[in-house]
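A.B. asks: Got a structure for you, questions after.
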Amino acid sequence: MLQLTGITKSFREPNGHLLPILDVPHFTVAAGEQMVLLGRSGSGKTTLLHIIAGITRPDAGSVQFDNIDMTRLSEPGRDRLRAAKIGYVFQTFNLLPGFSALENVLLGMTFVQGRRDTVRARDLLERVGLRQRASHRPAALSVGEQQRVAVARALANRPRLLLADEPTANVDPGNQQTIVDLIRATCHDEGIALLLVTHAREVAQQFARVERLEEINRAVRGQHDPYPSSYDEDVSDQRSNV
Amino acid sequence: MSLWRIAWRSLEQRGLASLLTTLSMALGVMMVVAVLSISGIVSASFRSNASLGYNMIVGAKGGKLQLTLNTVYYLSQPVENVPYDFFLEFFPQSVRDEQLKNSLRYQAFRARVEGLSVVNRTPPEALLGVTSPLVDAALEALTAQSLELGRDGKYSQFTSLAIPLCLGDYLGRFRVVGTTTDFFDQLTFGPENDRKYEFTAGRNFHPRDAEHGFFEAVLGAEVAREMGLQLGDTFASTHGDPEGAGHGRRFTVVGILKPSGTPNDRVAFVNMEGFYLMEDHAKPLEEPEQTADHAAHSETDQHAHSPAELPPLCNEQREVTAILVRTITPLVTPGLKNAINEGREAQAVLPVLEIYSLFESIVRPFQLLLLALTALICLVSGVSILVSIYNSMSDRRHEIAVMRALGANRTTVMTIILWESILLSLAGGALGWLAGHTLNWLASPRIEAQTGVTVRFWDLAPPLRDIEIWGLGPIMGWVSPEVLIIPALIVLAIAVGLLPAIAAYRTDVSKSLQDA
């Protein structure tokens with residue numbers, strides 16, 4: 001479903017030098033697959049997600065999504081594809097403060113023509129356990145509840161792929177597992193592929209496929225590895241228990 | 001969710017700033033509505049006042065506009081007066097001869113003829129037109145003094161109505177105008193020129209009342225209200241200006257007019273005969289007439305009589321400030337005007353032309369200037385919308401980036417920002433429109449009293465005819481300019497919303513998301 005080939009991305013530093021961020025020769029996600037991308041801060045996780053979502057254009061390479069090369073699409077074309085087929089859960093939730101929980105979910109549908117399905121929005125809120133709080137604004141919700149609304153919003157358009165950028169990073173430990181379970185369960189139920197970026201070992205351990213960004217991204221390969229060699233073994237052990 | 005709803009939510013989010021911006025726009029629109037209404041009221045008032053019930057004003061030679069302003073609106077000061085004999089030229093023989101009997105020349109003639117009648121034993125009146133060497137000699141002498149009895153006035157065949165006005169006195173700040181009973185019996189007014197002056201109380205003054213003689217007055221509605229005068233009250237006018245010395249004679253109020261919405265609401269009308277008999281109102285006589293056995297009344301004479309007994313002032317001591325003339329048909333008006341203007345005694349002006357000329361040359365440009373100023377205020381309010389939205393942009397880049405990440409394209413976020421600008425403008429416009437009409441409605445009793453123009457809450461300003469603005473002349477001519485406020489506000493909103501909308505359009509999504 002998703003295939004990245006020869007993706008590179010650099011940013012120009014204030015001194016004029018180009019700083020390579022991404023150099024990913026090959027990366028794939030299959031339809032309905034759930035996987036984790038592990039990476040330390042500054043390893044290009046978010047940039048990679050932005051390229052997959054079509055928010056950022058790579059310097060080179062191609063992003064094939066359902067056999068469509070996103071890098072060849074115009075910006076409005078990428079916007080349309082993102083709105084219809086890619087859900088995005090942000091680390092900081094990014095709920096719009098002036099909108100109720102229900103409106104935030106509906107906002108996810110607004111940008112896809114013909115999709116203003118209040119019934120589905122309410123169903124999604126019920127699925128994340130917030131039906132009774134549909135009219136509450138984000139400020140009136142707990143951090144965990146806000147992230148659950150963000151998950152509901154990301155799923156509003158029945159995407160083919162859900163990108164979750166450290167969805168548990170700002171959630172208290174008690175709610176972390178709930179959020180992960182919620183994301184995995186809903187993606188599983190709706191046949192949505194999940195690419196979850198995290199640096200939390202306990203989260204990664206629950207997934208059958210875990211990729212380390214330092215390994216697939218040649219731009220950061222050889223830099224300081226925050227994860228000790230025993231980490232891979234730990235993850236493998238955990239994986240065998242999933 | 002529709003885009004306008006997203007925009008509305010965003011405005012709600014910045015409640016205070018949005019409210020202040022809306023109020024700023026509301027003030028601008030309120031002023032536009034008020035100016036358009038005032039403009040309409042002024043136009044309607046002008047049109048109404050141009051329906052005067054007469055079509056010509058005759059007065060002393062001088063400025064045409066001054067004569068019109070002085071006569072129609074009682075503004076400015078009269079330059080000069082015209083002789084009473086000239087006024088009589090607008091009347092047929094019967095009226096003119098009767099009036100001429102009040103002249104010193106006639107009385108001198110009578111005295112001389114009576115002297116002849118003693119010789120001939122013939123009644124004096126019979127001598128007129130009788131041929132006899134003695135009478136011929138007498139008439140020859142009288143002709144030399146220009147008595148000119150026994151003929152129609154020069155302009156009488158073209159005139160269906162001639163009403164004199166004598167100005168110069170004040171009652172408080174209001175003008176006192178001497179005139180005849182015809183003013184209220186014959187004149188009409190109103191847009192259709194079909195309304196007659198009506199009395200809230202009392203009656204028109206009598207030509208000569210048994211009780212008050214010539215000293216009766218009819219007050220305009222505003223004069224009665226402001227001066228607190230009622231029927232039966234008396235007043236003494238002041239001479240020359242509102243602060244001038246008071247006359248000794250007092251007029252009795254016998255009638256109070258219903259509000260007419262004309263300048264006459266602000267006038268105290270008095271019987272012209274009484275006006276003439278006030279101190280200093282008699283024109284000084286020339287030497288030959290002084291020596292005649294005339295009926296001119298010295299101060300001593302006047303005070304020797306009770307008001308009811310006072311005889312009228314002789315014609316030679318009379319003048320009129322202006323004559324309101326209605327011609328028998330508009331076809332003869334230009335000819336009559338030319339005939340009068342070719343003479344040396346007076347000038348004739350067509351007040352409607354002068355009023356429209358005044359309107360077009362002074363009032364219309366002033367209206368346009370006022371309109372332009374208020375449009376500028378709206379523009380400034382529009383800029384405040386720009387500033388308000390633009391200032392919020394730095395806080396909202398992240399929101400915009402989130403919407404972009406959710407699939408909104410650049411045009412969509414640009415449209416949302418433009419919607420914000422439009423909603424602020426329309427909310428301000430609606431509020432301002434309501435405020436403007438509330439102001440009109442609150443002021444309507446006073447407007448009606450002052451101008452006679454009725455203003456209801458929902459009344460729209462009338463079309464701005466004959467105004468050419470950016471080729472909109474044909475539209476402005478038949479549609480109320482208030483209807484154009486809405487599209488104008490939308491255009492303004494789009495114009496001022498464009499800059500922040502472009503900023504939204506150019507938001508760097510990736511950077512804004514990572515900056516959060």
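A.B. asks: Taking amide H positions as placed 1.01 Å from N in the peptide plane, with prolines and chain starts having none, which residues 5 or more places from B:Val320, or on another chain, fall under 5 Å of its amide H?
C.D. replies: Here the answer is B:Val82, B:Tyr84, since their amide H atoms fall under 5 Å of that of B:Val320.
A.B. asks: While we're looking at this one, here's another question. Please compute the modelled spin-label separation between B:Ser480 and A:Thr5, points set 7 Å along Cα→Cβ, answer in nm with one decimal.
C.D. replies: Label-label distance for A:Thr5 and B:Ser480, simple model: 6.8 nm.
A.B. asks: Now, a different point. Quick one: Karplus J couplings for the range B:406-422, per residue in order, coefficients 6.51, -1.76, 1.60, θ = phi - 60°, nearest Hz, x for Gly and Pro?
C.D. replies: 7, x, 5, 8, 4, 4, 5, 5, 5, 5, 4, 5, 5, 4, 4, 5, 5
A.B. asks: What is the calculated FRET efficiency for B:Glu309 to B:Leu442, with r their C-beta to C-beta distance and R₀ = 41 Å, to the nearest 0.05?
C.D. replies: Once rounded, the FRET efficiency stands at 0.20.
A.B. asks: Once the dipole of the protein assembly as shown is set up with Lys and Arg at +1 and Asp and Glu at -1 on Cβ about the Cα centre, which of A:Ala140, B:Leu165, B:Asn341 lies farthest towards its positive end?
C.D. replies: Working it through, the farthest residue towards the positive pole turns out to be A:Ala140.
A.B. asks: So what is the calculated 222 nm ellipticity per residue for chain A, using -39500 (n - 2.57) for each DSSP H run with n of 4 or more, over all residues, to the nearest 500 deg cm²/dmol?
C.D. replies: Result for chain A: -11000 deg cm²/dmol, rounded to the nearest 500.
A.B. asks: With a bin width of 5 angstrom, please list the P(r) values of the range A:4-86 as percents of all Cα-Cα pairs, from the 0 bin to the one holding the largest distance.
C.D. replies: Distribution as computed: 3, 14, 24, 25, 19, 11, 4, 1, 0 percent.
A.B. asks: If Lys and Arg each add +1 and Asp and Glu each add -1, what is the summed charge of the other residues whose beta carbon sits under 13 Å from the beta carbon of A:Thr28?
C.D. replies: That works out to -2.
A.B. asks: What distance in nm separates the simple spin-label points at A:Arg40 and B:Gln157, each placed 7 Å from Cα in the Cβ direction?
C.D. replies: 12.1
A.B. asks: Can you give me the convex hull volume of the Cα atoms of the protein assembly as shown, divided per residue and expressed in Å³?
C.D. replies: 226
A.B. asks: Right, another one. Under 5 Å between amide hydrogens, which residues at least 5 positions from B:Thr200 or on another chain qualify, with H placed 1.01 Å from N in the peptide plane?
C.D. replies: B:Ile256, B:Leu257, B:Lys258
A.B. asks: Amide H of B:Asp169: which non-local residues (sequence gap of 5 or more, or other chain) have their own amide H closer than 5 Å, using H built in the peptide plane?
C.D. replies: For B:Asp169, whose amide H was placed from the backbone, the distant partners under 5 Å are B:Val176, B:Gly240.
A.B. asks: Moving on to the next point. May I ask for the net charge around B:Gly436, where only other residues with Cβ less than 14 Å from the Cβ of B:Gly436 are counted and Lys, Arg are +1 while Asp, Glu are -1?
C.D. replies: Charge balance near B:Gly436 sits at -1.
A.B. asks: Can you give the local net charge around A:Asp79? Use residues other than it whose beta-carbon is closer than 11 angstrom to its beta-carbon, Lys and Arg +1, Asp and Glu -1.
C.D. replies: +4
A.B. asks: Which ³J(HN,Hα) values, rounded to whole Hz and listed in residue order, are derived for the range A:147-156 from phi using the Karplus coefficients 6.51, -1.76 and 1.60 in 6.51 cos²θ - 1.76 cosθ + 1.60 with θ = phi - 60°, glycine and proline given as x?
C.D. replies: Taking θ as phi minus 60°, the curve returns 5, 5, 5, 4, 5, 4, 4, 5, 8, 4 Hz for the range A:147-156.
A.B. asks: If you plug each phi of the range B:371-381 into the Karplus form 6.51 cos²θ - 1.76 cosθ + 1.60 with θ = phi - 60°, what whole-Hz ³J(HN,Hα) values come out, in order, with x for Gly and Pro?
C.D. replies: Karplus values, whole Hz, x for Gly and Pro: 5, 5, 5, 5, 5, 5, 4, 4, 5, 4, 4.
A.B. asks: Could I ask something else about it? Which one of A:His188, A:Pro159, A:Ala200 is farthest out on the positive end of the charge dipole of the range A:149-207, using unit charges on Cβ (Lys, Arg +1; Asp, Glu -1) and the Cα centre as origin?
C.D. replies: Working it through, the farthest residue towards the positive pole turns out to be A:Pro159.
A.B. asks: Determine the alpha carbon to alpha carbon distance for each of B:Lys283/B:Lys337; B:Lys154/B:Lys337; A:Lys9/A:Lys45; B:Lys61/B:Lys196; B:Lys61/B:Lys154; B:Lys64/B:Lys154 and list only those over 20 Å.
C.D. replies: B:Lys283/B:Lys337; B:Lys61/B:Lys196; B:Lys64/B:Lys154
A.B. asks: At 7 Å along Cα-to-Cβ for each site, give me the label-to-label distance between A:Glu190 and B:Asp194 in nm.
C.D. replies: 7.3
A.B. asks: Give me the inter-chain shielding for B:398-405: mean count of other chain Cβ atoms within 10 Å, whole number please.
C.D. replies: 6
Bear in mind these aren't lab numbers, they're just calculated from the coordinates by the rules spelled out. Worth saying up front: this structure is predicted, and the values here are computed from it rather than measured. Glycine also receives a Cβ, built like all others from the backbone with ideal geometry; neighbour counts cover every protein chain displayed.
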